[in-house]
Amino acid sequence: MMKFRNLTIPAWTWSFLAAFVVLILTFLVAGGGTKTLTLAFTIAPYLVLVGIGQMLVMSTGPGNIDVSVAKVFSLGGLLSIAVGDATGSWVLGLAAAMTAGFALSCVSLASIILIRIPPIVATLATSLLTSAISLTLAQGFQGSADPVLKSFLGWAPMGVPAFALVVLLFTIFVSLMLKRTTLGAHTLAFGQARRASEYAGVSATKTLTIVYLTSGVLAALAGALRASFSAPNVELGNDYLLDSIAVVVIGGTLITGGRSEPAGIWGGALFFILLDGLLNLIGWNYAGQNVLKGFFVLAVLFLASGVPIIHRRSASADRSDPNLPEGADSTASGAPLDAQAPAERRAVT
């Protein structure tokens, strides 16, 4: 008979399973066909970009969460539209937003590395600073998105959003970077055991600098693109803080660090977007939506922790002595496991 080892479903698959279940329920409630899925893939990439940056930060260990992403997201949208409208170039607008995200992340890093302020507190302070800048910029704000960029972000040939494919390729790149490069190995090792990794030569300053800068730049870029798709607003990124953390954890990334699942972010993002649409369709109030969301999140987290699906061994694998009667094993014969070894021990002595 065959012998099976324990098999565990990958953590990131549960987020996709949850999204699929919500999609089926949406079809049953309102129909919509592929339009519902196309809309979800049109909106999801912005959350995925923020989630990837948040995932890299959270992968570096307990306490590392970037709570400034929401306000950086909003500022990126305002700044990109303002610069793009003033210069006539959406490229310069995106560059300005990413530069702002980079600069604000430097502020957080200075507090974390130089002053040794806890990351949550440091990024919260950066968030307040960013909010003040956004409110100042929004006074008398006028501007519109570049029509070429806006057209691309809404382009969905054969029902597949082109921008979603671009973000998907970027997700694959991040996944390969984490698995096959020294930088990725150092990041995950740092999250698993910071002190041990530092003894092994991993630079804490370099690791934290890379992940926080990446998070800030991606949040600002996502905000710039989202503002071009819809409209800039000081509150544009308010939902992206908690959602970015939730999709990362639901996607299988350990909140304690040391394991990253970029693919799972897509599943988590689709799950949240489809769930929001379903709850709005059936007319649930805001409180009820939060209760159901919390239930689903807990369920997915339970499954994402890893559930063994096969745990079976044949009877022949349990018996080390073929002469034992059927149903018996080597430990039930009444003799200790090392009873056959005294002659060998005497020979050694």
Original post:
Does SER203 satisfy being hydroxyl-bearing (Ser, Thr, Tyr) and closer than 30 Å to SER230 by Cα?
Top reply: no
**OP:** Would you check if there is a residue in segment 107-124 being in contact with a Ser or Thr (Cβ under 9 Å, 6 or more places away or on another chain), open to solvent by 50 Å² or more (accessible area, probe 1.4 Å) and within 12 Å of TYR212 (Cβ to Cβ)?
**Re:** yes
**OP:** Quick one: MET98 ticks every box in (1) at pLDDT below 95; (2) hydrophobic (A, V, I, L, M, F, W, C); (3) open to solvent by less than 80 Å² (accessible area, probe 1.4 Å) except a single one, so which number is it?
**Re:** (1)
Original post:
What pairs can you find where one residue is in segment 89-100 and within 15 Å of VAL217 (Cβ to Cβ), the other is modelled with pLDDT under 95 and β-branched (Val, Ile, Thr), and their Cβ atoms are less than 6 Å apart, with a gap of 6+ or different chains?
Top reply: GLY93/VAL83; ALA96/VAL83
**OP:** Sort through ALA185, ALA189, ALA196 and tell me the only one that's more than 26 Å from LEU75 (Cβ to Cβ), more than 22 Å from the chain's Cα centre (by Cα) and at pLDDT 90 or above.
**Re:** ALA196
**OP:** Considering only segment 244-265, state which residues are in a helix (DSSP H, G or I) and open to solvent by 10 Å² or more (accessible area, probe 1.4 Å).
**Re:** ILE245, ALA246, VAL249, ALA263
**OP:** Could you tell me whether any residue of segment 149-160 is in a helix (DSSP H, G or I), basic (Lys, Arg) and free of Cβ contacts under 8 Å to residues at least 60 places away in the same chain?
**Re:** no
Subject >> Filter result for GLY268 (of a type outside the set (A, V, I, L, M), assigned to a helix (DSSP H, G or I), at negative phi and open to solvent by 10 Å² or more (accessible area, probe 1.4 Å)) >> reply: no
**OP:** Restricting attention to segment 1-23, report how many residues are modelled with pLDDT of 70 or more, part of a loop (DSSP other than H, G, I, E, B) and either under 13 Å from LEU275 (Cβ atoms) or of a type in the set (A, V, I, L, M) (or both).
**Re:** 2
**OP:** For segment 29-74, enumerate the residues that are within 15 Å of SER127 (Cβ to Cβ), open to solvent by 10 Å² or more (accessible area, probe 1.4 Å) and part of a helix (DSSP H, G or I).
**Re:** LYS71
Subject >> Filtered residue count, segment 130-148, keeping only those that are part of a helix (DSSP H, G or I) and open to solvent by less than 80 Å² (accessible area, probe 1.4 Å) >> reply: 7
Original post:
Would you call SER197 in contact with a His (Cβ under 8 Å, 6 or more places away or on another chain), in a helix (DSSP H, G or I) and of a type in the set (Gly, Ala, Ser)?
Top reply: yes
Original post:
Which one of these is touching a Phe, Trp or Tyr at 6+ places or on another chain (Cβ under 7 Å), open to solvent by 30 Å² or more (accessible area, probe 1.4 Å) and closer than 19 Å to PHE73 by Cβ: LEU236, LEU241?
Top reply: LEU236
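The values are calculated or read from the model by the stated rules, or taken from the named source; none is laboratory data. What you see is a predicted model, and the numbers here were worked out from it, not measured in a lab. We place every Cβ from the backbone using ideal geometry, glycine too, and count neighbours over all the protein chains shown. All accessible areas refer to the heavy atoms of the entire protein, side chains included, with ligands and DNA or RNA removed. Shrake-Rupley method; radii C 1.70, N 1.55, O 1.52, S 1.80 Å.
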